[in-house]
Amino acid sequence: MSRLAGKVALVTGGSRGIGAAIARRLAEDGADVALTYVSSPAKADAVVAEIKALGRKGLALAADSADAAAVVSAVERTVEVFGRIDIIVNNAGIFIGGSLDNDTLEDIDRTLAVNVRAVYVGSQAAARHMGKGGRIISIGSCLAELVGDPGITLYSLSKAALVGLTKGMARDLGPRGITVNIVHPGPTDTDMNPAEGAHADQQRSRLPLGHYGKATDIAAAVAYLAGEDAGFVTGAALAVDGGFAA
Ligand code: NDP
């Protein structure tokens, strides 16, 4: 029997990149999967089609993570359609390039709304429906552990905040048998951070393994944390970063 058979997962930002790989992997492992998107309905539908081709149920939901109410609605809609939610993967995230001097209040508010507040309210809403065995998994960043360069203060702040959020929720939800963990990807080849992009060589030079990760590398870690094998893992940060923060 598939590891996640009978489970229902919601992946935020599942239309592209790491989120799409996570959605596919959880479906391969047997889960029914809902995913959110903000600007790529066709890509979201294509991922849902792949999920359905695996014999699982899939659902694409338009929900801008900058809008807290939309995130909560996505959770509620998942429960309405699939009857339950066992796993939430808080993956949707944005990187607004800038510098400490130039970051605007709008940049700060938007980054914190998408990268942090949405994770808080989405997890809060999902946990209300979860019982023993529930799984909350957030996608952080190696930059939460090692910033390493100037110009990424805002993004690093947002990802480091998720570490405290993860540990706090692990304490709050552990007594109910729900685990809460964070995965810190290193440079991973996606639209956000293409392996052939302008800053790619600089990032590669910091990696002991010398190459970018693939979205499926991150999905594999999420699949582990979502499964029964990780039942005694909570409040933990799992680096899948090619050694970036080592
Ligand atoms: P991409 O930009 O390639 O994909 C982002 C995904 O999130 C898309 O599905 C996009 O939807 C969705 N999304 C973006 N903004 C919102 C929003 N406001 N509301 C809902 N969904 C949204 O990013 P990655 O796959 O690279 O990144 C995924 C996560 O991994 C992020 O949290 C990122 O910070 C983190 N990360 C990435 C690293 C990397 O090197 N790639 C390294 C470390 C962490 P749509 O298609 O509709 O626009």
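All of the numbers you see were taken from the coordinates with simple rules; none came from a lab. Note that the structure is a prediction, hence the values are computed from the model and not measured. Neighbour counts are summed over all protein chains in view; Cβ atoms, including those assigned to glycine, are modelled from backbone coordinates with ideal geometry.
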Take Asp229 and decide whether it is part of a helix (DSSP H, G or I), more than 23 Å from Arg24 (Cα to Cα) and either among the aromatic types (Phe, Trp, Tyr) or away from the ligand (no atom under 13 Å from the Cβ) (or both).
no
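In the list Val71, Val81, Val75, Val8, which residue meets the criterion of being under 20 Å from Asn181 (Cβ atoms), touching a residue at least 40 places away in the same chain (Cβ under 8 Å) and in contact with a Leu (Cβ under 8 Å, 6 or more places away or on another chain)?
None of the other options fit; the residue is Val75.
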Please state which of the following conditions Thr188 fails to meet, knowing it meets all the rest: (1) surrounded by fewer than 16 Cβ atoms within 10 Å (Cβ to Cβ); (2) within 15 Å of the ligand (Cβ to nearest atom); (3) among the polar types (S, T, N, Q).
(1)
Of (1) within 19 Å of Arg25 (Cβ to Cβ); (2) of a type in the set (A, V, I, L, M); (3) touching a strand residue (DSSP E or B) at 6+ places or on another chain (Cβ under 9 Å), Ala223 fails just (3)
Would you point out the residue of the stretch 1-28, among those that are buried (at least 24 other Cβ atoms within 10 Å of the Cβ) and among the polar types (S, T, N, Q), that is nearest to Ala63 (Cα to Cα)?
Thr12
Looking at the structure I just gave you, is Ala245 in a helix (DSSP H, G or I) and of a type in the set (Gly, Ala, Ser)?
no
For the stretch 1-47, which positions are away from the ligand (no atom under 15 Å from the Cβ) and either in contact with a Cys (Cβ under 6 Å, 6 or more places away or on another chain) or in a loop (DSSP other than H, G, I, E, B) (or both)?
Met1, Ser2, Arg3, Leu4, Ala5, Gly6, Lys7, Asp29, Gly30, Ala31
Kindly indicate whether any position in the stretch 162-179 is touching a Gly at 6+ places or on another chain (Cβ under 8 Å) and within 28 Å of Asp101 (Cβ to Cβ).
yes
Verdict on Leu173 being surrounded by 14 or more Cβ atoms within 10 Å (Cβ to Cβ) and under 22 Å from Ala245 (Cβ atoms)
no
Pick out the one residue from Tyr155, Tyr120 that is touching a residue at least 60 places away in the same chain (Cβ under 8 Å) and of a type in the set (Ser, Thr, Tyr).
Tyr155
Say whether the condition of being within 11 Å of the ligand (Cβ to nearest atom), under 29 Å from Ser39 (Cα atoms), among the hydrophobic types (A, V, I, L, M, F, W, C) and in a loop (DSSP other than H, G, I, E, B) is met by at least one residue in the stretch 197-220.
no
Matching residues in the stretch 29-42 (over 14 Å from Val11 (Cα atoms) and without any contact (Cβ under 8 Å) to a residue 60 or more places away in the chain) number 5
